[in-house]
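Colleague: Quick one: structure below, then a few questions.
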Amino acid sequence: MKLKRSGRVLALGVSLAILPLIAPGVVAAAPALAPIDLGTLPGDQYSEVNAVNDGGVMVGSSTPLDGQIKYHAAKWDAQGRISALPGLGGEQSKATDVNRGGAAVGWALKDATWNQTAVKWAPDGTVTALPYLPGGDHAIANAITDGGVIVGAGRAADGKLHAVRWNPDGTVVDLGGLPGGAYANAEWITPDGRTVAGTASDAAGNNHVVRWNLAGAITDLSPGNPYSTPEDMNDFGVIVGSAELNGNPKPVRWERDGRMTWLEYPESGPAWAKAVNNAGAAAGGGYLVFGTESPAKWNRAGTRTTLSTERGLGYDIDRLGTVVGLEDNIAAKWAADGTRTVLGALPGGTYSVATHIAPNGTIIGVSENENGRTRAVYWPAG
């Protein structure tokens with residue numbers, strides 16, 4: 001699934017006594033690979049890739065070496081060749097998702113005054129500004145289906161951030177939010193366009209996991225646990241993320257019927273589910289020892305398999321159960337049987353992470369280079 005991830009680090013501990021219980025599940029590593037540098041647009045020094053489609057086309061951004069980060073939307077073909085995605089007259093733009101046909105979405109500044117709008121790029125790169133909500137002046141597009149339905153967020157006339165859906169004909173639909181809340185953000189949409197998921201605040205400012213149906217009706221999936229965060233949704237509307245339990249975030253799966261299922265993890269310390277595949281298996285990790293988060297995955301029943309006792313995290317999982325992420329600050333891949341492959345870093349780099357694995361096996365992520373600059377990278381399928 002397309003990754004929208006944030007790294008949250010909480011220095012909370014758990015007993016060392018559990019380590020003998022999980023160590024036997026760790027499988028030896030396969031030979032190391034190496035990433036391919038996706039480069040930058042002319043004059044830029046940094047890049048990031050945010051999404052990859054089934055055919056290996058990637059989108060993200062390129063930025064210069066500057067005191068102020070300035071994003072320039074970029075697209076890479078399946079062979080890793082970069083091209084600029086045009087903006088709307090302002091200096092910055094970023095691509096956030098791409099569908100199977102190569103249409104991309106994201107945001108762009110309209111002028112020098114930071115007027116930001118959601119945009120769609122056609123497969124040939126032609127850019128179209130998506131309409132604001134009535135009375136609004138700010139928007140972002142987060143995801144697009146193969147049929148051209150787009151979701152994101154936009155400021156409305158009330159000054160609040162509302163979840164938004166744009167239909168294929170370009171019309172904008174206000175999905176709103178929770179009663180009294182100041183913001184809502186639609187982050188994912190199922191391929192059939194019938195289910196949208198994201199976050200919304202309540203009147204007290206607490207974050208909730210929410211879902212909208214085709215009619216635009218909102219459902220609060222975490223009414224009894226306002227400190228909840230979604231991380232991914234699969235093609236059937238199953239969501240994973242975390243919810244607070246005894247003061248710590250714990251991995252959770254929200255089923256299609258709205259039920260919240262706690263995924264197995266030690267009683268002490270934080271843990272998160274970061275991605276879910278269409279079978280309902282999840283990837284993520286949590287703290288097994290004080291100050292060290294370790295990568296893990298969960299089967300459909302919610303049973304945990306620890307992928308490594310070293311520091312790391314799983315960031316995505318494909319239909320076969322392959323997990324990608326990082327271990328000891330270097331990108332890694334774990335096959336369904338637990339075999340680990342070190343994906344490596346760019347020459348001279350000391351950090352890399354694999355953030356997404358496409359259905360065709362293409363893996364994307366970022367790596368530092370010999371100059372300590374972060375570059376978008378990929379590992380081709382095969």
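Colleague: Helix-only mean residue ellipticity at 222 nm, the chain, DSSP H runs n ≥ 4 weighted -39,500 (n - 2.57), per residue, nearest 500. What is it?
Modeller: Numbers: 1 runs with 4 residues, N = 382.
Helix-only estimate at 222 nm: 0 deg cm²/dmol.
Colleague: May I ask you to compute the full-extension gain from D77 to N167, defined as 0.36 nm times their residue separation minus their alpha-carbon distance, rounded to one decimal in nm? Walk me through the intermediate numbers first.
Modeller: Working: separation 90, 0.36 × 90 = 32.40 nm, distance 2.63 nm.
Gain on extension, D77 to N167, equals 29.8 nm.
Colleague: Suppose the Debye formula is applied to equal point scatterers at every Cα of the chain; what is log10 I(q)/I(0) at q = 0.09, 0.10 Å⁻¹?
Modeller: Summing over Cα pairs of the chain leads to -0.50, -0.62.
Colleague: In whole Hz, what ³J(HN,Hα) sequence does the stretch 283-300 give by Karplus (6.51, -1.76, 1.60; θ = phi - 60°), x for Gly and Pro?
Modeller: Here the 3J(HN,Hα) series is 10, x, x, x, 8, 9, 10, 4, x, 10, 8, 10, x, 8, 9, 10, 7, 4 Hz.
Colleague: Another question, then. Determine the sum of side-chain charges near A103: Lys and Arg each +1, Asp and Glu each -1, restricted to other residues whose C-beta is under 12 angstrom from that of A103.
Modeller: Numbers: positive: K75, R100, K120; negative: D97, D124, D146.
Neighbourhood net charge equals 0.
Colleague: I need the phi-derived Karplus couplings for the stretch 129-141: 6.51 cos²θ - 1.76 cosθ + 1.60, θ = phi - 60°, integer Hz, Gly and Pro marked x.
Modeller: Taking θ as phi minus 60°, the curve returns 6, 7, x, 6, 5, x, x, x, 8, 7, 7, 9, 9 Hz for the stretch 129-141.
Colleague: Output the peptides 126-137, 110-121, 260-271 sorted from most to least packed, where packing is the average of other Cβ atoms within 10 Å over each peptide's residues. Please list the in-between numbers first.
Modeller: On the way: 126-137: 15.8, 110-121: 17.6, 260-271: 19.1.
Final packing ranking: 260-271, 110-121, 126-137.
Colleague: What nm value, rounded to one decimal, do you get for the distance between N246 and N213 when each label is placed 7 Å out toward the C-beta?
Modeller: Modelled inter-label distance: 3.7 nm.
Colleague: I'd like the FRET efficiency for D124 and Y227, computed as 1/(1 + (r/R0)^6) with the beta carbon distance as r and R0 of 35 Å, rounded to 0.05.
Modeller: Details: r = 44 Å, r/R0 = 1.26.
Between D124 and Y227 the formula returns 0.20.
Colleague: Taking only Cα atoms and a 10 Å spring cutoff, compute GNM fluctuations for the chain and point out the largest among N278, N142, N99.
Modeller: N278
Colleague: Using a 1.4 Å probe on the protein heavy atoms, what percent of the accessible area of the chain belongs to carbon and sulfur? Write down the numbers at each step before the final one.
Modeller: Working: 8100 of 15180 Å².
Carbon and sulfur: 53 percent of the exposed surface of the chain.
Colleague: Looking only at P123, P251, P230, which one moves most when the chain is put into a Gaussian network model with springs between Cα atoms under 10 Å?
Modeller: P123
Colleague: Further question: Among K70/K250; K110/K250; K160/K297; K110/K333; K70/K160, which pairs are too far apart, with a Cα-Cα distance over 32 Å?
Modeller: Values: K70/K250 35 Å; K110/K250 40 Å; K160/K297 37 Å; K110/K333 40 Å; K70/K160 25 Å.
Long pairs (Cα-Cα over 32 Å): K70/K250; K110/K250; K160/K297; K110/K333.
Colleague: Rounded to the nearest 0.05, what FRET efficiency do A204 and W114 give with R0 = 30 Å and r taken as the Cβ-Cβ distance? Could you check? Could the numbers behind the result be given before it?
Modeller: Working: r = 29 Å, r/R0 = 0.98.
Efficiency computed from Cβ-Cβ geometry: 0.55.
Colleague: If you don't mind, there's one more thing I want to ask. Let me check I've understood the local charge: for V119, count other residues with C-beta under 11 angstrom from its C-beta, Lys and Arg +1, Asp and Glu -1. What total comes out?
Modeller: Values: positive: K94, K110, K120; negative: none.
The answer is +3.
Colleague: What accessible area per residue comes out for the stretch 250-366, rounded to a whole number of Å², with a 1.4 Å probe?
Modeller: Numbers: 3930 Å² over 117 residues.
I get 34 Å² per residue for this part.
Colleague: Treating the beta-carbon of each Lys and Arg as +1 and of each Asp and Glu as -1, no other charges, what is the dipole magnitude of the stretch 23-144 about its Cα centre, to the nearest 20 debye? Show your work: numbers first, answer last.
Modeller: Working: 7 positive and 11 negative charges, 35 e Å.
Around 160 debye, computed over the stretch 23-144.
Colleague: OK, next. Which far-off residues, 5 or more places away or on another chain, put their amide H under 5 Å from the one on L313, with H placed in the peptide plane?
Modeller: It is L326, by chain and number.
Colleague: Something else: Which whole-Hz ³J(HN,Hα) couplings does the stretch 111-123 yield from phi under the Karplus relation 6.51 cos²θ - 1.76 cosθ + 1.60, θ = phi - 60°, glycine and proline marked x?
Modeller: For the stretch 111-123, the Karplus-derived couplings read 7, 6, 9, 6, 6, 9, 9, 6, 9, 10, 10, 5, x Hz, x marking Gly and Pro.
Colleague: Next question, about the same structure. Given points 7 Å out from each Cα along the Cα-Cβ axis, report the D158 to N299 separation in nanometres with one decimal.
Modeller: Going from the D158 label point to the N299 one covers 4.6 nm.
Colleague: If amide H atoms are built 1.01 Å from N in the plane of the peptide, which residues on other chains or at least 5 residues away come under 5 Å of the amide H of K250?
Modeller: Placed amide hydrogens put A243, E244, L245, A271 under 5 Å from K250.
The values are calculated or read from the model by the stated rules, or taken from the named source; none is laboratory data. Quantities reported herein were computed from a predicted structural model and do not represent experimental measurements. Note that each Cβ is placed from the backbone with ideal geometry, even for glycine, and that neighbours are counted across all protein chains shown. All accessible areas refer to the heavy atoms of the entire protein, side chains included, with ligands and DNA or RNA removed. Shrake-Rupley method; radii C 1.70, N 1.55, O 1.52, S 1.80 Å.
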